[in-house]
Amino acid sequence: MATTAIKSFFSASFPPPPESSSTSALIKTLSMIPHIEGGYFTETDRDPLLISSPFPLNPASELMPQREGFDPRYRNASTSIYYLLTPSSPQGNFHRNRGRTVHTLHRGRGIYVLIHADEEDVEYEGGGRGKRVESFVVGHDVAKGERLQWIVEGGKYKASFLLPDQGAEGQQSGVLLISETVVPGFEYCDHDFLVAEGLKVLVGSEQAEKLGWLVRKS
């Protein structure tokens with residue numbers, strides 16, 4: 001199943017604690033806003049080249065209104081964003097996109113969890129069957145296997161969460177800043193969230209208990 005421990009390193013609280021002054025300055029400088037997945041984002045590029053959409057016309061989700069003037073028959077060739085996790089918003093919940101997403105690390109460390117919903121079921125260590133679950137660390141220590149760049153193909157669910165800074169073990173500090181480029185370009189109609197019951201269908205009740213904290217609650 002997974003290769004990296006899947007547990008939160010940050011205490012959940014409501015309302016969440018305020019961002020530090022340095023993190024607030026970063027969010028302001030990059031003109032970021034809260035993301036519905038968790039964390040913050042800002043769109044940095046939307047390729048003006050339009051291509052015929054390779055996706056069905058029916059939306060994967062109707063959660064968010066579409067952009068003004070959007071024509072579902074077409075997509076921008078690509079889009080790019082900055083995406084940020086912080087101690088006050090330390091996780092991005094399970095979701096998938098129809099398009100392929102290229103991720104590039106800029107700062108910090110985190111863990112990504114993928115559910116390969118587009119693959120055949122596998123046998124889990126310890127019993128049970130379900131979709132393959134993969135986890136890995138993103139960070140700058142490539143000698144230890146941390147990733148600077150990673151690609152998630154369309155149709156796979158992904159979640160992410162923040163790891164504390166190296167050298168600050170046990171402290172709730174640091175941020176994870178990445179870029180994401182979606183091909184073809186991102187539209188909310190190509191995006192959907194994984195819900196609790198859907199998680200059980202994909203991985204079974206036992207694994208769903210371990211991963212359920214990464215499912216969006218509302």
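The values are calculated or read from the model by the stated rules, or taken from the named source; none is laboratory data. What you are looking at is a predicted structure, and each value in this text was computed from that prediction instead of being measured. Virtual Cβ from ideal backbone geometry, glycine too; neighbours counted across all protein chains shown. To get the accessible areas, we keep the full protein, side chains included, count just its heavy atoms, and leave off ligands, DNA and RNA. Shrake-Rupley method; radii C 1.70, N 1.55, O 1.52, S 1.80 Å.
Things to note:
- Residue 129 over 25 Å from residue 188 (Cβ atoms) and either surrounded by 15 or more Cβ atoms within 10 Å (Cβ to Cβ) or touching a residue at least 24 places away in the same chain (Cβ under 8 Å) (or both): yes
- Residue match in the stretch 152-160 (condition: in a helix (DSSP H, G or I) and aliphatic (A, V, I, L, M)): no
- Filter result for residue 116 (open to solvent by 30 Å² or more (accessible area, probe 1.4 Å) and at pLDDT 95 or above): no
- Number of positions in the stretch 142-156 that are farther than 21 Å from residue 60 by Cα and either over 13 Å from the mean Cα position of the chain (by Cα) or among the β-branched types (Val, Ile, Thr) (or both): 8
- Single match in 26, 63, 85, 57 (criterion: open to solvent by less than 50 Å² (accessible area, probe 1.4 Å) and either over 29 Å from residue 116 (Cα atoms) or assigned to a loop (DSSP other than H, G, I, E, B) (or both)): 26
- Candidate set: the stretch 199-218, residues that are in contact with a Phe, Trp or Tyr (Cβ under 9 Å, 6 or more places away or on another chain) and farther than 20 Å from residue 110 by Cα; chosen: the one surrounded by the fewest Cβ atoms within 10 Å (Cβ to Cβ): 206
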